[in-house]
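**Student:** The structure that follows is given in the form of structure tokens.
The values are calculated or read from the model by the stated rules, or taken from the named source; none is laboratory data. Please read all numbers here as calculations on a predicted model, not as lab measurements. Don't worry about glycine lacking a Cβ; one is built from the backbone with ideal geometry, like all the others, and counts go over all protein chains shown.
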Amino acid sequence: QVQLVESGGGSVQPGGSLRLSCAASISLSEMYPLGWYRQTPGKERELVAGLTSTGSTNYADSVKGRFTISSDNAKNMVYLEMNNLNPEDTAVYFCFGDYGIFGSWGQGTQVTVSS
């Protein structure tokens with residue numbers, strides 16, 4: 001069974017930064033495209049950032065210029081660098097890999113932005 005384990009969430013003040021990490025139990029080469037999603041109570045999960053095997057990225061308009069997705073294939077790690085955070089970024093963040101019929105998800109990590 002494929003496992004994705006997120007870490008790096010926490011509480012931060014507006015304007016602050018966090019780096020989320022996602023450790024995959026299999027080679028990332030089997031899981032592209034990769035992505036980070038987020039979800040708040042009562043809302044659907046939304047794509048924050050995506051990354052293909054060729055290095056192409058896409059971002060939600062709300063995070064463009066502030067968030068950066070990257071991966072380290074040698075370590076089977078996916079990252080989300082988040083800068084200039086604002087309260088609207090508060091959510092549970094999930095790592096996603098396109099493996100299996102329905103894809104694979106991590107358990108999520110909470111990010112809270114407040115003063």
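**Student:** Considering only segment 57-80, state which residues are over 13 Å from the mean Cα position of the chain (by Cα) and closer than 20 Å to residue 104 by Cα.
**Tutor:** Once the filter is applied, which keeps residues that are over 13 Å from the mean Cα position of the chain (by Cα) and closer than 20 Å to residue 104 by Cα, segment 57-80 yields 72, 73, 74, 75, 76.
**Student:** Same structure, new question: I need the full set of residues from segment 59-80 which are part of a loop (DSSP other than H, G, I, E, B) and either within 20 Å of residue 23 (Cβ to Cβ) or modelled with pLDDT under 95 (or both), in order please.
**Tutor:** Selection gives 73, 74, 75, 76.
**Student:** Then there's this: Say we look at segment 81-115 and pick out the residues that are under 14 Å from the mean Cα position of the chain (by Cα), in a strand (DSSP E or B) and among the polar types (S, T, N, Q); which of these is surrounded by the most Cβ atoms within 10 Å (Cβ to Cβ)?
**Tutor:** So, considering only residues that are under 14 Å from the mean Cα position of the chain (by Cα), in a strand (DSSP E or B) and among the polar types (S, T, N, Q), the one surrounded by the most Cβ atoms within 10 Å (Cβ to Cβ) is 109.
**Student:** Which of the residues that make up segment 59-80 are closer than 16 Å to residue 4 by Cβ, among the polar types (S, T, N, Q) and surrounded by 14 or more Cβ atoms within 10 Å (Cβ to Cβ)?
**Tutor:** 70, 71, 76
**Student:** I would also like to ask the following. Which pairs do you get when a residue that is touching a residue at least 40 places away in the same chain (Cβ under 8 Å), found in segment 87-99, comes within reach of a residue that is buried (at least 16 other Cβ atoms within 10 Å of the Cβ) and of a type in the set (Lys, Arg), reach meaning Cβ atoms under 6 angstrom, with the pair 6+ apart or on two chains?
**Tutor:** What qualifies is 91/38; 93/38.
**Student:** So, residue 101, is that one of a type in the set (Val, Ile, Thr) and modelled with pLDDT under 95 or not?
**Tutor:** When the stated conditions are applied, residue 101 passes them.
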